[in-house]
Amino acid sequence: DAQQTGKLRYQFYLASIGDKSKAALLLEQELRQGIERGEFQLYYQPKVNMPTGQIDGAEALIRWFHPKRGFVSPGDFIPLAEKTGLIVPLGEWVLRSACTQARVWQDAGFSPLRVAVNLSGHQFNENEVDLNGLVVDILKETGLNSSYLELELTESILMENPQAAIATLHKLKSLGIRISIDDFGTGYSSLSYLSQFPFDVLKIDRSFICQLPEDDKNRAITIAILQMAHRLNLKIVAEGVETKSQLMFLEEHQCDEIQGYWFSPPLSAKDFSDLLHSGKSLPLVSASC
Ligand code: C2E
Ligand code: MG
Ligand code: MG
Ligand code: MG
């Protein structure tokens, strides 16, 4: 009967809650151990300059190689790391490792690359982290010039506390660091509102790029973002470029940088070094005419 069904449903509900928190607790514990045991690695995805077609930067993307679970995607553990506060030590490790690696590539004689690091809201909250101080320390430690560091932030991080965000960004920018807005277009802010924040680069979210150039609406939106951003003196990066026709469209509309599987997936530091050695560049239409 109905009452019985209701009871059963409630029991299922309790069971599923119990399972979820148990699984989350286990993962949290493993996350802590993983940090101690050094199970994390940074992968690097090339950013290609347009119109030169040369690699001019790399986005550092964290990878977790768990001894039993195998590869765990950042989409599966970053949210938990954020919820538990573990993102603070993990994020510090990311920043330090990325700057160290950028310096290693410079010392190896490659033309200097800008390394981009993703930040979480916790790292941007001055009650939790002195981000400015941390960045200053790490640049000093690693000897990386500030102009080769880029920080990627999402709109939602900035919108949590816009006034504090503006102040923090001004401080970071005065160090000479480049600031990017990641996943642009997926949040709720307009570009005109966002332009009150001091930043340098806008990364158009993959969800717009993936339907180019066939989809009329996405085409119109992308062209509008590019034009408006350029009028505001911002650089534009397209993320998730997977096809030649996407590339040609972005090239035609003066996108400044592209990133995506079309050129290269994220690579281990070793594979990225090999790519740099190979001298691979992106063949662009404009370069051939
Ligand atoms: P994101 O910063 O927007 O990074 C771009 C994501 O798109 C990466 O996923 C990358 O591997 C993927 N990608 C790049 N090119 C293509 C493409 O052509 N096609 C498709 N389908 N995907 C592409 P990943 O590495 O799984 O990272 C996911 C998200 O996790 C990142 O999104 C970022 O928000 C977060 N994340 C990664 N590393 C870190 C980190 O060190 N710290 C923090 N706070 N977040 C991180
Ligand atoms: Mg990013
Ligand atoms: Mg992104
Ligand atoms: Mg994205």
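The values are calculated or read from the model by the stated rules, or taken from the named source; none is laboratory data. Just so it is clear, the structure is predicted and the values come from calculations on it, not from any experiment. Cβ placement follows ideal geometry from the backbone for every residue including glycine, while neighbour counts extend to all protein chains displayed.
Okay, here's what the table says:
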read-out	value
All positions within the range 240-270 that are touching a residue at least 60 places away in the same chain (Cβ under 8 Å), in a loop (DSSP other than H, G, I, E, B) and of a type in the set (Ser, Thr, Tyr)	SER264
Matching option when the condition is modelled with pLDDT of 95 or more and either acidic (Asp, Glu) or within 16 Å of ligand 3 (Cβ to nearest atom) (or both), among ASP183, ASP200	ASP200
Qualifying residue in the range 196-207 (condition: at negative phi, within 21 Å of the chain's Cα centre (by Cα), assigned to a helix (DSSP H, G or I) and among the β-branched types (Val, Ile, Thr))	no
Filtered residue count, the range 176-186, keeping only those that are surrounded by 17 or more Cβ atoms within 10 Å (Cβ to Cβ) and either assigned to a loop (DSSP other than H, G, I, E, B) or more than 16 Å from ligand 4 (Cβ to nearest atom) (or both)	4
Residue within the range 151-173 that is over 23 Å from VAL88 (Cβ atoms) and part of a helix (DSSP H, G or I) present	no
When residues of the range 16-67 are limited to those that are touching a strand residue (DSSP E or B) at 6+ places or on another chain (Cβ under 9 Å) and charged (D, E, K, R), the one farthest from ligand 3 (Cβ to nearest atom)	GLU30
Some residue of the range 116-128 being at pLDDT below 95, within 15 Å of the chain's Cα centre (by Cα) and under 19 Å from ASP200 (Cβ atoms)	yes
Filter result for SER189 (of a type outside the set (Lys, Arg), at pLDDT 90 or above, part of a loop (DSSP other than H, G, I, E, B) and away from ligand 2 (no atom under 14 Å from the Cβ))	no
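So that you can scan it fast, the table gives a plain yes or no per residue for (1) of a type in the set (Val, Ile, Thr); (2) touching a helix residue (DSSP H, G or I) at 6+ places or on another chain (Cβ under 6 Å):
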position	(1), (2)
ARG63	no, no
SER73	no, no
ILE87	yes, yes
GLU92	no, no
TRP105	no, no
GLY121	no, yes
ASN127	no, no
